[in-house]
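The values are calculated or read from the model by the stated rules, or taken from the named source; none is laboratory data. If you're wondering where the values come from, they're calculated on a predicted model, not measured in any experiment. Virtual Cβ from ideal backbone geometry, glycine too; neighbours counted across all protein chains shown.
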Amino acid sequence: MTGQYTVELGAGADAAADRIGGKGVGLLALARTGSSVPPGFVVTVDGFEALLAAPDLRRGIAEVLGKLDPFDPAGMENSSSEIRRLVCGSPMPFPVAEAVADAYGTLCAGAGHDVPVAVRSSATAEDLPDASFAGQHDTLLWVIGTRAVLDAVQRCWSSLWTARALGYRAAQGVPEAGAAMAVIVQQMVDARTAGVAMTVNPSDGDPSKIVIEACWGLGEPLLSGEMNPDHYVVDKVLLSPVRTRVAAKPRELVAAPDKRSLLRRPIDGDRLYAPCLNPDEVVKIARLAKEAERQYGRPLEIEWAVARDSAASESLQVLQCRAETVWSKRSQRSPVVPPESGAAGIANTLLGL
Amino acid sequence: MPPTVRTAFPSPHELPEPPGAEGWQRLYPYHLLFQRDRREEDESAFWFCDSQHWPSVIKPFEATAVEFSVKGMGQFNTRYFVTPTAYGMDRRIHQGYCYLSPVAVPAHEVQARVPEFLQRAGHYFEHWQELLANWKHKVVGTIRELEAIRFTPLPDVQPFEEVEAGLGLDPSDTLLAGYDRLIALCHRNWQYHFEFLNLGYAAYLDFFTACKRWFPDMPDLGIAKMVQGVDLELFRPEEELRKLAELAVELGVDDVLIGPEPGPRTLEELGASPDGRVWTEAWRAARDPWFNFTSGTGFYSSDVYWRDDPSVPLHYIRDYVQRLRKGEPIDRNLAGLVAERERISAEYAALLEPSEYDVFEAKLRLARQAYPYVENHNFYIEHWTMGVFWRQARELSRLLWADGFWPAEDDMFYLTRDEVREALFDHVNGWATGRRPAGRTHWPLEVERRRRIMDALARRPPEPALGNLPESVTEPLSVMLWGITPERIRSWLDGYADGDLVGVPASPGLAVGTARIVRGPEDLPFVREGEVIVAPVTAPSWGPVFAKARAVVTDIGGVMSHAAIVCREYSLPAVTGTGTASTLITTGQRLRVDGGAGTVTVLDPRTRQTSEVGRSPS
């Protein structure tokens, strides 16, 4: 179901980054690669702009921004709270709310019950290789029911003005006027194991490796750096694992038994020290990351999850995909191999042994 | 007595000899032994057991191949190409096994050798193809000379024609000269053996090292796959077998070939029908030279060459025919291998900065230019030259056996090559003198004594290494062929780590299967479908058996060792260079072989060797 305010995440859909934000574009592109992406939709920037069309709200925000002092952290926090309160308190325009409710309804109709969704911000300037905005805006997990989804969307919109985002825009000279926000609503995967895959080795920029980090349950504790993940290094060309480091993983974030909420629970017994991916899964994730990088034409970071109970063929899902921003920014690596070849190359090599 | 040097590996001087092997030292030339008067020097060096080429005990005459091959390797590094960092290898035979020690160039001489090396190696790389064509000419010429040697029994009296012509010489002249010629020609082709080999490995090492810098932790396998040739002469003998199997099916004579005991009778039977004769014609055409091919390493007088025992290739042909009749493909997927090689090369190249691309290309090109030699020379030297050499030597042994020198036809190999020269003179002298030669009373007892010593030595597997840990290894063959690196040596010292044996990840894939220890080609017939071959070393000619195996594990060998290359050809998981797998694992144990990680896990470590069910090739 695609219209002015929502765009369905599906292989056939297309929309510009200025309507659905960087993450939204990434997910659409992923869906086109044939990767298994959980169903969902994007609330377009139009929805956000419809909300901001309310003159009172605009005025309120402008007033707070006018007094903003980027060098006063406590003041920034206060301004952020003030704006977010205004945004969340402003009623969502009916056509937008209707579109979101319809889209969520369609998602649930497919499943036969209210499905848990992740609601994430997708800023129009976020995730570009040159502006590392990632993590500045809100993500809400395991949201269930139409009312809760609508609230979550609005909260995501308001997270355009987190203190971090305000500070970042001020420091980078990004004008406040152009800032806009789309929101992704995506069915959640009840993950047995989840994590990230990077298509360059983040420790040395080696582009021939895919590095996978993984934890039991949902990937959020890993993404927020709360825990040590398992670490797998895979050769990108041969798709063969070259190194595996298994961490002790004492906790996991999983769906509660009634599937109505999430809970954090301790891990004991064998799973504490067991690798949370088997070798086949490692290769499968690496293959997926390699293919996605090839289609995007640039290094990527991918969030993925292995579903707890679905058929093996569809158990690996891609949740997110964004351009790698650290090594991509570097200028050319300094040469590590002397330029001589032939006998001179050999002599160099022998002298270096 | 010098103070005992504390070593990481056992000192050769402190290893007790196996019971019954006392006096083994006198079976080898003095310079091949660890001697008391150079004990300190020997103990401070690092020696690894070259079980890749000498997996079993070496008979005195066979030490000739140790001497010639190792010397040949050294002369090209040290004196011919003036390799900057590496001289040759020192070598010893200790308790029947061959140990090698890479000799580094003293640091202060290294720089002066660089310009010499650039000029000499540069010349070879630049003129590689024409020099190689000349090489083939020289080597085949030597083989033809070897083939022309005749060891004819001495006549009762010389023919009158010789007297009439005023010859004035006896046939011992030819006999003695023939023996000297045999030895000299063998020495000659062992020199040629290394004319291109050291450079081939050096070019490979250069590309290998560069790849490891560009892509840290890149699997060795990826590098090997980029360099590896596919349509190699070394695989031609096997190719001929496949063609013969296909021809048999085409001609409808395959029934004869799947009979119970393929052998010379099979060929006779085929010769009885017109279609069969078409096939035996093709057989003869393939035989010379391609069946000068052994399942052994070529370093043993007992290595069986297809040329000498047709039952060996006929067994392989039977296996192929049976697979064809089941509708299974028997061709190697050469196009697939080439496509994979090009894909991998292009993908790695695309990961480089544009400025690095030219260096990558140049180094890869050189490695690929040099690499086919690294495989193909095997056919010309280990297989063809040595096949002829051993055949001729056996002929001479039979001649002296007929004169009562030893109990069995092939017992001459219990003598060193200089002792054979003495025995031969004893023989011609006895003939000239008209009295029985001393050898008839001297050698039979001595040969029996030596046989008992060799048997005693063979009962104990060799130590993987002796002496000290090396600081670095700077010799290209040591690194690329034997897989000798400081890390690997340390892993040998550790032995089992977490129940896993660690080696070189030589051919990717995961397999679980039952171990079959294969100490030499004589064990090959015991290998059953789906077993994991565990061997001190494998030879490329074991190919047809690899088709039955599920995985291969060896003690010695790098990612370019013979086992590794053949396993990749057959898409079999392989772990090489484990140091001790063949001594720690027993036949019947369940193994998990991870060819990508280079680990071998014994799944039931407490299993003891079950009573060996020997099975003759049937």
* Among the residues of segment A:302-316, how many are surrounded by 22 or more Cβ atoms within 10 Å (Cβ to Cβ) and out of contact with any helix residue (DSSP H, G or I) (no Cβ under 7 Å at 6 or more places or on another chain)? -> 1
* Asked: Picking from B:Glu487, B:Glu471, B:Glu446, which residue would you name as being more than 22 Å from the chain's Cα centre (by Cα), within 14 Å of chain A (Cβ to nearest Cβ) and not in a loop (DSSP other than H, G, I, E, B)?
  -> B:Glu487
* When residues of segment A:209-234 are limited to those that are surrounded by 23 or more Cβ atoms within 10 Å (Cβ to Cβ) and out of contact with any Cys (no Cβ under 7 Å at 6 or more places or on another chain), the one farthest from the other protein chains (Cβ to nearest Cβ) -> A:Leu218
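Sort out which residues of segment B:70-90 are under 20 Å from the mean Cα position of the chain (by Cα) and away from chain A (no Cβ under 14 Å), and write them in order of number. Steps first, please.
From segment B:70-90, those under 20 Å from the mean Cα position of the chain (by Cα) are B:70-76, B:88-90; that's our starting set.
Matches in segment B:70-90: B:Val70, B:Lys71, B:Gly72, B:Met73, B:Gly74, B:Gln75, B:Gly88, B:Met89, B:Asp90.
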* To do: Could you check, for segment B:544-551, whether at least one of its residues is more than 15 Å from B:Ala597 (Cα to Cα), crowded, with 24+ Cβ neighbours inside 10 Å and at pLDDT 85 or above?
  => yes
* Asked: Applying the selection to segment A:47-102, what residues are in contact (Cβ under 8 Å) with a residue 40 or more places away in the chain and touching an Asp or Glu at 6+ places or on another chain (Cβ under 7 Å)?
  -> A:Leu65
* Asked: Looking only at residues in segment B:106-130 that are without any contact (Cβ under 8 Å) to a residue 40 or more places away in the chain, aliphatic (A, V, I, L, M) and surrounded by 12 or more Cβ atoms within 10 Å (Cβ to Cβ), which one is farthest from the other protein chains (Cβ to nearest Cβ)?
  -> B:Val110
* Sort out for me the strands (runs of 3 or more DSSP E) sitting completely within segment A:238-299 that have 1 or more residues that are of a type in the set (Gly, Ala, Ser) and within 13 Å of another protein chain (Cβ to nearest Cβ). => A:240-245
* **helices (runs of 4 or more DSSP H) wholly inside segment B:295-386 containing at least 1 residues that are within 14 Å of chain A (Cβ to nearest Cβ)** => B:334-351, B:354-378
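Every residue, every condition in (1) out of contact with any Pro (no Cβ under 7 Å at 6 or more places or on another chain); (2) more than 30 Å from B:Ala367 (Cα to Cα), yes or no:
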residue	(1), (2)
B:Pro219	no, no
B:Gly222	yes, no
B:Gln228	yes, no
B:Leu232	no, no
B:Lys243	yes, yes
B:Leu251	yes, yes
B:Arg265	yes, yes
B:Val278	yes, yes
* Pair list, Cβ < 6 Å and 6+ apart or interchain, from segment B:586-605 residues that are of a type in the set (Lys, Arg) to residues that are surrounded by fewer than 23 Cβ atoms within 10 Å (Cβ to Cβ) and not in a strand (DSSP E or B) -> B:Arg590/B:Leu603; B:Arg590/B:Asp604; B:Arg592/B:Leu603
* Structure fact -> With the first residue restricted to segment A:4-23 and required to be free of Cβ contacts under 8 Å to residues at least 12 places away in the same chain, and the second required to be assigned to a helix (DSSP H, G or I), Cβ contacts under 9 Å at 6 or more apart or on different chains are A:Gly12/A:Ala31; A:Gly12/A:Arg32; A:Ala16/A:Val25
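Hey, can you tell me all the residues within segment B:395-434 that are part of a loop (DSSP other than H, G, I, E, B) and among the aromatic types (Phe, Trp, Tyr)?
First, pick out the residues of segment B:395-434 that are part of a loop (DSSP other than H, G, I, E, B): B:403-410, B:415-416, B:434.
The answer is B:Phe405, B:Trp406.
Regarding B:Asp231, is this residue under 30 Å from B:Asp331 (Cα atoms), part of a loop (DSSP other than H, G, I, E, B) and more than 14 Å from chain A (Cβ to nearest Cβ)? Steps first, please.
Details: under 30 Å from B:Asp331 (Cα atoms): yes; part of a loop (DSSP other than H, G, I, E, B): yes; more than 14 Å from chain A (Cβ to nearest Cβ): yes.
In short, yes.
Being more than 7 Å from chain A (Cβ to nearest Cβ) and either touching a Lys or Arg at 6+ places or on another chain (Cβ under 8 Å) or not small (Gly, Ala, Ser) (or both) is the filter here; which residues of segment B:195-213 pass it?
The first filter runs over segment B:195-213 and keeps only residues more than 7 Å from chain A (Cβ to nearest Cβ), leaving B:195-201, B:204, B:207-208, B:211-212.
Within segment B:195-213, B:Glu195, B:Phe196, B:Leu197, B:Asn198, B:Leu199, B:Tyr201, B:Tyr204, B:Phe207, B:Phe208, B:Cys211, B:Lys212 qualify.
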* **Of the criteria (1) within 26 Å of B:Ile453 (Cβ to Cβ); (2) touching a strand residue (DSSP E or B) at 6+ places or on another chain (Cβ under 9 Å); (3) buried (at least 24 other Cβ atoms within 10 Å of the Cβ), which one B:Asn77 fails** => (1)
* Structure fact -> Selection from segment B:188-211 of residues under 21 Å from the mean Cα position of the chain (by Cα), of a type in the set (Phe, Trp, Tyr) and in a helix (DSSP H, G or I) yields B:Trp190, B:Tyr192, B:Tyr201, B:Tyr204
* Starting from residues that are modelled with pLDDT of 90 or more and out of contact with any strand residue (DSSP E or B) (no Cβ under 9 Å at 6 or more places or on another chain), keep the ones in segment B:214-228 and report whichever is nearest to the other protein chains (Cβ to nearest Cβ). => B:Trp214
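Please work out if A:Gly205 is more than 20 Å from A:Arg85 (Cβ to Cβ) and either within 14 Å of chain B (Cβ to nearest Cβ) or surrounded by 21 or more Cβ atoms within 10 Å (Cβ to Cβ) (or both). First the steps, then the outcome.
Working: more than 20 Å from A:Arg85 (Cβ to Cβ): yes; either within 14 Å of chain B (Cβ to nearest Cβ) or surrounded by 21 or more Cβ atoms within 10 Å (Cβ to Cβ) (or both): yes.
When the stated conditions are applied, A:Gly205 passes them.
For segment B:149-180, which residues satisfy the criterion of being among the small types (Gly, Ala, Ser) and either surrounded by fewer than 10 Cβ atoms within 10 Å (Cβ to Cβ) or in a loop (DSSP other than H, G, I, E, B) (or both)? Working first, answer last.
We begin by selecting, within segment B:149-180, every residue among the small types (Gly, Ala, Ser); these are B:165-166, B:168, B:172, B:177-178.
Those that are among the small types (Gly, Ala, Ser) and either surrounded by fewer than 10 Cβ atoms within 10 Å (Cβ to Cβ) or in a loop (DSSP other than H, G, I, E, B) (or both): B:Ala165, B:Gly166, B:Gly168.
Here is a list: B:Pro462, B:Pro437. Which entry is under 21 Å from the mean Cα position of the chain (by Cα) and in a loop (DSSP other than H, G, I, E, B)?
B:Pro462
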* So A:Leu239 clears everything in (1) surrounded by fewer than 23 Cβ atoms within 10 Å (Cβ to Cβ); (2) within 15 Å of the chain's Cα centre (by Cα); (3) at pLDDT 90 or above except one condition, right? Which one? -> (2)
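Does B:Thr416 qualify as being of a type in the set (Ser, Thr, Tyr), buried (at least 24 other Cβ atoms within 10 Å of the Cβ), under 24 Å from B:Gln191 (Cβ atoms) and in contact (Cβ under 8 Å) with a residue 24 or more places away in the chain? Even if it seems obvious, please write down each step before you answer.
Values: of a type in the set (Ser, Thr, Tyr): yes; buried (at least 24 other Cβ atoms within 10 Å of the Cβ): no; under 24 Å from B:Gln191 (Cβ atoms): yes; in contact (Cβ under 8 Å) with a residue 24 or more places away in the chain: yes.
Here the answer is no, as B:Thr416 does not meet what is asked.
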* Within segment A:290-300, is there a residue that is outside the structural domain of A:Leu30 (by TED's automatic domain parsing), of a type in the set (A, V, I, L, M, F, W, C) and crowded, with 20+ Cβ neighbours inside 10 Å? -> yes
